[in-house]
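Student: Attaching a single structure in structure tokens format; questions to follow.
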Amino acid sequence: MKEVQCQKHGNRSRKLRSSNDMARVWRLLFLLLLLWSLCESHLHFPPSIREISAASSNKTLKRDITAEVAGYADVAKRIIDLAVFGAARNRSYTRLADFTDTIGNRVSGSDNLNMAIKYMNNAMVKDGLDVHLEPVKIPHWVRGKERAQMILPRMKSLAILGLGSSVGTPPEGIKAEVLVVQSFEELKQRASEAAGRIVVFNQPFVSYGETVAYRAFGASEAAKVGAVATLIRSITPFSINSPHTGWQDYQDGVKHIPTACITVEDAELMWRIAQRGQQMVVQLNMEAKTLPDADSFNTVAEIKGWQYPEQVVLLSGHLDSWDVGQGAMDDGGGAMISWEALSLIKDLGLHPRRTLRTVLWTAEEQGGVGAQQYFSLHKGNMSNFDLVMESDLGTFTPVALQFTGSDSARKVMQEVVKLLAPINVTKLENNGEGTDISLWMKAGVPGASLHTADSRYFWFHHSEGDTMSVQDPRDMDLCSALWAVVAYVVADLQDMLPR
């Protein structure tokens, strides 16, 4: 019994010691936690350490994308060699010559545009690409016969081109005195002189973006002050007595009056005559009319992506042109290099992760009509559009790639253009542009355009001078190589461009 009692007493003693030990442990933990909480508010990592850490992370990220893109150097060189020195040398130029010599110009709604779409569909199918047509409705304006003649102070024929969407004159034409102004502001100041007259705008060329307002809105502005027609100095910095046409827009609620462009030389002649105070009279006859919208198609060719076929890098140019010249520069060249880029990639047996899609737009000259309908049809899939590209400012010697996108995407594209060192085009500029891709860029999709040595572009733009004589085979090879390298590499990177 005593042994049992001693055993119980020993057990109680051990339990008591154990209990006291646990209490001491908890008190120690409490003190440590209290000490940490007091110290934590005074603990600050030196800013330099944090900055170094962040910088190190950024450098790692940069090294990753730099290394990934640099890994395409051999592929880029193969594309460039094929386009510029190899079997595809001069191919895009030859394709353009065959196309424009066969079809000619291709204004919206015309039989020529329909033939052009069929021609390109068949040619790209024969090239082994996956091709389909997407139907759209487009404007159908017809120029008809037109002429203008100065009657006073002397007889002189005036070279004119009616502006797109213009109404025609009555069958007998319009015979009226002329008022010459150099700006919209001068027109307002001399509004009392405009009623019943043909207003001639002799605005100086500043830049296309600024000066084109006279072509676009001159007719409505003159109609507001009672003019019966307008003749607009062609929107060009250089002329050899060549009129330049283009689209114009009537304002709602304003009378529609006939409008045409005249040459720089004739506009300046009429200005000088007006400055002398001499009376001027012009006879204008135009048969222009607008017919119901016509059926047309955007022409689409693809190389399907092997890993992410639903994700798209889009290349483009527009297939339509104005009804003068051959439409070789605007925009036959852009359409051809967008086809050629896919041909180069296919010929080399390259298979990108994402789909490469070339779209040859219809009715761009009427305000991007085909592209607007394409956007409406595909915008529900916007998150899968990786990059949209358009070439519509000539295929002269390439100077740079223009880009619109996030800072993160720009960093990627800066690495991509380094791959173009063999053709000396490593500059990335701001502001990708293009009527047909503008809706996508406004919605946040990265966009790119081709910047070329285009100082002569507006010499030939929308005129009889836009022919194959403007084009150069080597320039087109270089543009094709640039277009193909950029499109392929972006389509094959591990990740889409950051938004």
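Student: Quick one: Debye curve from the alpha-carbon atoms of region 124-171 only, equal weights, vacuum; give me log10 I(q)/I(0) at q = 0.24 Å⁻¹ to two decimals.
Tutor: -0.98
Student: Moving on to the next point. If I stretch the segment between Thr102 and Asp64 completely, what's the gain in nm (0.36 nm per residue apart, minus their alpha carbon distance), one decimal?
Tutor: Numbers: separation 38, 0.36 × 38 = 13.68 nm, distance 4.90 nm.
Between Thr102 and Asp64, full extension yields 8.8 nm more.
Student: Just the number, please: Stokes-Einstein D of the chain in µm²/s, Kirkwood Rh from C-alpha pairs, 20 °C, 1.002 mPa s.
Tutor: Translational D for this selection: 82 µm²/s.
Student: Could you tell me what percent of the accessible area of region 144-287 is made up of carbon and sulfur, with a 1.4 Å probe and every protein chain present?
Tutor: Whole-percent figure for carbon plus sulfur exposure: 51.
Student: Give the peptides 199-210, 335-346 in descending order of average Cβ contacts within 10 Å, highest first.
Tutor: Answer by packing, highest mean first, reads 335-346, 199-210.
Student: In bins 10 Å wide, starting from 0, what share of all Cα pairs of region 144-287 does each bin hold, as a percent?
Tutor: 13, 49, 35, 3
Student: Enumerate the amide H contacts of Leu315 below 5 Å, restricted to partners 5 or more residues apart or on another chain; note that Pro and chain-start residues carry no placed amide H.
Tutor: Arg357, Thr358, Val359, Met389
Student: Please calculate the 1.4 Å probe accessible area of Lys175, with all protein chains present, and give it to the nearest 10 Å².
Tutor: That residue has around 140 Å² of solvent-accessible surface.
Student: If Arg474, Arg91, Arg357 are ordered by their accessible area, calculated over protein heavy atoms with a 1.4 Å probe, which sequence runs from highest to lowest?
Tutor: Largest accessible area first, the residues go Arg474, Arg91, Arg357.
Student: Determine the principal axes of the Cα atoms in region 84-148, then give the extent along each, sorted from largest to smallest and rounded to whole angstroms.
Tutor: The principal-axis extents, from largest down, are 51, 31, 16 Å.
Student: Let me ask you something else. Taking 8 Å as the Cα distance limit and 6 or more residues as the minimum spacing, I'd like the relative contact order of the chain as a percentage.
Tutor: Result for the chain is 20 percent.
Student: If you project the alpha carbons of region 401-499 onto their three principal axes, what span does each projection cover, largest first, in Å?
Tutor: 45, 32, 19
Student: Which of the peptides 178-184, 140-146 is most tightly packed, and how do the rest follow, going by the mean number of other Cβ atoms within 10 Å of each residue?
Tutor: Per-residue Cβ counts within 10 Å, averaged per peptide and sorted highest first, yield 178-184, 140-146.
Student: Give the peptides 228-239, 379-390 in descending order of average Cβ contacts within 10 Å, highest first.
Tutor: 228-239, 379-390
Student: Find out how many positive minus negative residues lie around Gln248, taking Lys and Arg as positive, Asp and Glu as negative, among other residues whose Cβ is under 12 Å from that of Gln248. Before the final figure, lay out the partial values.
Tutor: Values: positive: Arg215; negative: Glu221, Asp249, Glu365.
Result for the local shell: -2.
Student: Would you compute, from DSSP H runs of 4+ residues alone, the mean residue ellipticity of the chain at 222 nm, taking -39500 (n - 2.57) per run and dividing by the full residue count, rounded to the nearest 500?
Tutor: -13000 deg cm²/dmol
Student: Then there's this: Rounded to the nearest whole Å², what accessible area per residue is found for the chain with the 1.4 Å probe?
Tutor: Ligands and nucleic acids excluded, the result is 46 Å² per residue.
Student: Here's another thing I want to ask about it. Tell me the label-point distance for the pair Arg147, Asn241, using the 7 Å Cα-to-Cβ offset, in nm and rounded to one decimal.
Tutor: Modelled inter-label distance: 1.6 nm.
Student: Using the alpha-carbon atoms, what tilt in degrees (0 to 90, nearest 10) does helix 264-275 show relative to the longest principal axis of the chain?
Tutor: 60
Student: Ok, one more. Determine the sum of side-chain charges near Ala453: Lys and Arg each +1, Asp and Glu each -1, restricted to other residues whose C-beta is under 11 angstrom from that of Ala453.
Tutor: Spelling it out: positives minus negatives among the neighbours equals -2.
Student: Moving on to the next point. What Rg and what Dmax come out for region 231-275 when only alpha-carbon atoms are used, in angstroms?
Tutor: 12.5, 37
Student: Next question. Report the net charge of residues surrounding Met280, where surrounding means a beta-carbon distance below 14 angstrom and charges are Lys +1, Arg +1, Asp -1, Glu -1.
Tutor: Within the 14 Å Cβ shell, the charges total +2.
Student: Return the Cα extents of region 246-312 along principal axes one, two and three, sorted largest first, each rounded to a whole Å.
Tutor: 73, 28, 23
Student: May I pose another question? If N is the number of residues in region 283-365, what value comes out of its Cα radius of gyration divided by 2.2 N^0.38 Å?
Tutor: 1.47
Student: Continuing with the same structure: Which of Lys156/Lys289; Lys304/Lys427; Lys145/Lys289; Lys304/Lys379; Lys346/Lys411; Lys137/Lys379 have a Cα-Cα distance over 22 Å?
Tutor: Details: Lys156/Lys289 26 Å; Lys304/Lys427 29 Å; Lys145/Lys289 11 Å; Lys304/Lys379 19 Å; Lys346/Lys411 28 Å; Lys137/Lys379 18 Å.
Among Lys156/Lys289; Lys304/Lys427; Lys145/Lys289; Lys304/Lys379; Lys346/Lys411; Lys137/Lys379, the Cα-Cα distance tops 22 Å for Lys156/Lys289; Lys304/Lys427; Lys346/Lys411.
The values are calculated or read from the model by the stated rules, or taken from the named source; none is laboratory data. No experiment lies behind these values; they were computed from the predicted model shown. Cβ sites come from the backbone with ideal geometry, for glycine too, and all protein chains shown count toward neighbours. Only protein heavy atoms, including side chains, enter the accessible area calculation; ligands, DNA and RNA are left aside. Shrake-Rupley method; radii C 1.70, N 1.55, O 1.52, S 1.80 Å.
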